[in-house]
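In what follows, a structure is listed as C-alpha cells, so that the remarks can point back to it.
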Amino acid sequence: MRWGSVYELGWITLAALAAVALTGIGLGWAEATLLVLCPLLARHAWHLIRLARLIRRQHRLVPPFPKGIWGDIYRAIGQYQQRGRKGRKRQLRFFRRFREAANSVPDALVVLDKNRRIEWANPAAQVLMNLSWPRDEGKPLLEVFTHPELADYICAGEYARPLEVAPAHNRSLMLSIRVAPFGERKKQRLIVGRDITKIFHLNLIRRDFVANASHELRTPLTVITGFLETLIDSAQTPSNHRRPLNLMQHQAERMRSIIEDLLTLSRLEMDEHAIDIAPVDVPCELEQIVADASALSGGRHRFSIDIDSDLMLLGKDSELRSAFSNLLFNAVKHTPPGSHIQLVWASTASGPIFLVEDDGPGIEPEHIPRLTERFYRVDKARSRASGGTGLGLAIVKHVLSRHDARLAVASEPGQGSTFTCHFPPGIALTASQLERRRLRAATSA
Ligand code: ADP
C-alpha cells in the first residue's frame, strides 16, 4: 500500500471522529455521518468523472497527480500508458526496420490476403512481376500478373516445388515462383519471385551442349563399331590383332552406353514439365525386367519377387521401365555371385512402392547423398568393370521427380542396400479401374 492510501484511511478515521464529535453537539448519527462524508464522496465523484473523461479523450496522465488514493490510481494508469507507448514505439521501429529489409530484398515479395488480393509488395515486385504497391493494393494477383500456369499453381495448393515462369511483361526474364501460406489457418500467402534468368540460361547451354555433343559422337561411334565388327568377323584379320580389336569393341560399347544414357538424361531434362501420362501395366513391365536381370546375372544370384499384379500406375512406360531396370540391374552388377536380391512392387498406405533390396557389400553412409549425381560411383574401377556408366541413378532420380515420386536409399556396409521408389497415391490404378478407363475411352470415341 502506498502513502496516498494511508492518508485516505487517515481522512476516513478523522471523518469518523468528527462525526462522533458532531453527535455530541446534538446532531443525529445519520446527519453527522452524512455531513462529514459528503465532501469526501464529492471529491471521489469529481476524480472519477475527470478520470473517465481523460481516458475517453485518450489524454496522457502526467504528474502532478492528486493526493490520496486517486494519486495512486492516476500514477498506475500513467505508468500503464507509458509502458503501452513504449511497446507501440518498439513495434513501430521493428515494423519500419522489417519494411526496410523487405524493400531491399532483390526478390519480388508479394503478400496476398485470403481472397488472393494484393495486400503489400516490395519494390522488386515492380521490375520482376510488374506490380506496384500501393497502386495495385486490393487487386487480385492473377489480374495484375497474368500467367495461366501461375493460376493453376496457386489453386492447386501444392507448393513443394517452385514454378518457373517467363512473365508476360518481359519474356526475356525467367522467374522461380514460390508460395508460402501463412496467417490464420494458412489462408494468407507470401509470393516470392526470384530472378533465375542467368542460371536458367546456363542450364540451357549446358543441357544443349551435352545433348549436341552426345548426338554428334553417336554417328562416328556407330561407324567405328561397325568397322570393328567387320574386322573381328573377318577371316583375314591376323590372330594377334584380335585381342586389341576386342578391347576396342568393348570400350566402344561402353562409350555407346554413356552416350545413350546422356541422351536419355537430356531428353528427361528437356521436356521437364511435359509428360504424356497414360496407364502403365507395371506388373507386365516388371516381368520383362526380371527376365533381363536374370539373364544379366547368368544364374549367379538368387531372386525373390513379390509383385502386386493388380497395381498399375499413371505415368510414362518407357521412363518407368528405365528407372526400374536401372535399380534391379544395379543390384545384379554391384553384388557378388550368390547374393540374394528381393524385388517388391506393392501398395502401401502412403502410395505404391517399388523396392529392390540386396545383401551385397552395401554403401558407406558418406556416399549415399551423392549417388544420384552424374558419374558418381562409389568404386570407379568396379563400376567400369561391371559396365556401369555412373548415370543410372541420375536417370532414376529424374524419372521419379517427373512422376512426383522420390527415391530413398538405405544401406549399411557389409549388410546390403535397399533402394525404394515412393510414388504418390494419386497415380496408383487397379486393374479394374484401368479396365473402366479403357471402356469409358472406347465408348466416348
Ligand atoms: P553405375 O552405372 O555405376 O551403376 P549408378 O548411377 O547406377 O551408376 O550407380 C552409382 C553408384 O552407386 C554405382 O557406381 C555403385 O557404386 C553404387 N550402387 C548402386 N547400386 C548399388 C547396389 N545395389 N549396391 C552397392 N552399390 C550400389
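Regarding the stretch 412-425, can at least one residue be identified that is part of a helix (DSSP H, G or I) and within 11 Å of the ligand (Cβ to nearest atom)?
If we filter the stretch 412-425 for residues that are part of a helix (DSSP H, G or I), which is where we start, we get 425.
Subset that is within 11 Å of the ligand (Cβ to nearest atom): none.
The answer is no, given that none of the residues of the stretch 412-425 is part of a helix (DSSP H, G or I) and within 11 Å of the ligand (Cβ to nearest atom).
Considering the stretch 351-397 alone, what residues qualify as being small (Gly, Ala, Ser), in contact with a Lys or Arg (Cβ under 9 Å, 6 or more places away or on another chain) and more than 24 Å from Phe303 (Cβ to Cβ)?
Gly390, Ala394 - these are the residues of the stretch 351-397 that are small (Gly, Ala, Ser), in contact with a Lys or Arg (Cβ under 9 Å, 6 or more places away or on another chain) and more than 24 Å from Phe303 (Cβ to Cβ).
Being over 28 Å from the mean Cα position of the chain (by Cα), in contact (Cβ under 8 Å) with a residue 40 or more places away in the chain and part of a strand (DSSP E or B) is the filter here; which residues of the stretch 300-314 pass it?
Phe303, Asp306, Leu311
Determine if the stretch 354-372 includes at least one residue that is closer than 28 Å to Glu260 by Cα, crowded, with 16+ Cβ neighbours inside 10 Å and more than 10 Å from the ligand (Cβ to nearest atom).
yes
Starting from residues that are β-branched (Val, Ile, Thr) and touching a helix residue (DSSP H, G or I) at 6+ places or on another chain (Cβ under 8 Å), keep the ones in the stretch 366-421 and report whichever is nearest to Thr264 (Cα to Cα).
So in the stretch 366-421, the residues β-branched (Val, Ile, Thr) come out as 368, 372, 378, 389, 395-396, 399, 409, 418, 420.
Now narrow it down to the ones that are touching a helix residue (DSSP H, G or I) at 6+ places or on another chain (Cβ under 8 Å): 372, 389, 395-396, 399, 409.
On the way: Thr372: 15, Thr389: 12, Ile395: 8, Val396: 11, Val399: 10, Val409: 22 Å.
Once the filter is applied, the top-ranked residue is Ile395.
Would you check which residues across the stretch 295-321 are farther than 22 Å from Leu434 by Cα and within 16 Å of the ligand (Cβ to nearest atom) and list them?
Filtering the stretch 295-321 down to residues farther than 22 Å from Leu434 by Cα leaves 295-305.
Leu296, Ser297, Arg300, His301, Arg302, Phe303, Ser304 - these are the residues of the stretch 295-321 that are farther than 22 Å from Leu434 by Cα and within 16 Å of the ligand (Cβ to nearest atom).
Across the stretch 315-343, what is the total count of residues that are part of a strand (DSSP E or B) and buried (at least 17 other Cβ atoms within 10 Å of the Cβ)?
4
What are the residues in the stretch 373-396 that are part of a helix (DSSP H, G or I), farther than 23 Å from Leu320 by Cβ and near the ligand (Cβ under 6 Å from one of its atoms), if any? Lay out the reasoning, then the answer.
Restricting attention to the stretch 373-396, the residues satisfying the condition of being part of a helix (DSSP H, G or I) are 380-385, 392-396.
Now restrict to residues that are farther than 23 Å from Leu320 by Cβ: 380-385.
Listed by number, the list holds a single entry, Ser383.
Failed condition for Arg243, given (1) surrounded by fewer than 11 Cβ atoms within 10 Å (Cβ to Cβ); (2) under 17 Å from Leu391 (Cβ atoms), with all others met?
Condition (2) is where Arg243 drops out.
Can you pull out the residues in the stretch 327-353 that are more than 12 Å from the ligand (Cβ to nearest atom) and touching a residue at least 60 places away in the same chain (Cβ under 8 Å)?
Scanning the stretch 327-353 gives Trp345, Ser347, Ser350, Gly351, Pro352, Ile353.
When the residues of the stretch 171-201 are filtered to those that are closer than 13 Å to Ala125 by Cα and charged (D, E, K, R), which remaining residue is nearest to the chain's Cα centre (by Cα)?
Of everything passing the filter in the stretch 171-201, Arg194 is nearest to the chain's Cα centre (by Cα).
None of the figures in this text is laboratory data; all of them are computed from the coordinates on show. These figures come from a predicted structure and were not determined experimentally. Please note: Cβ atoms are built from the backbone with ideal geometry, for glycine as well, and neighbour counts cover all protein chains shown.
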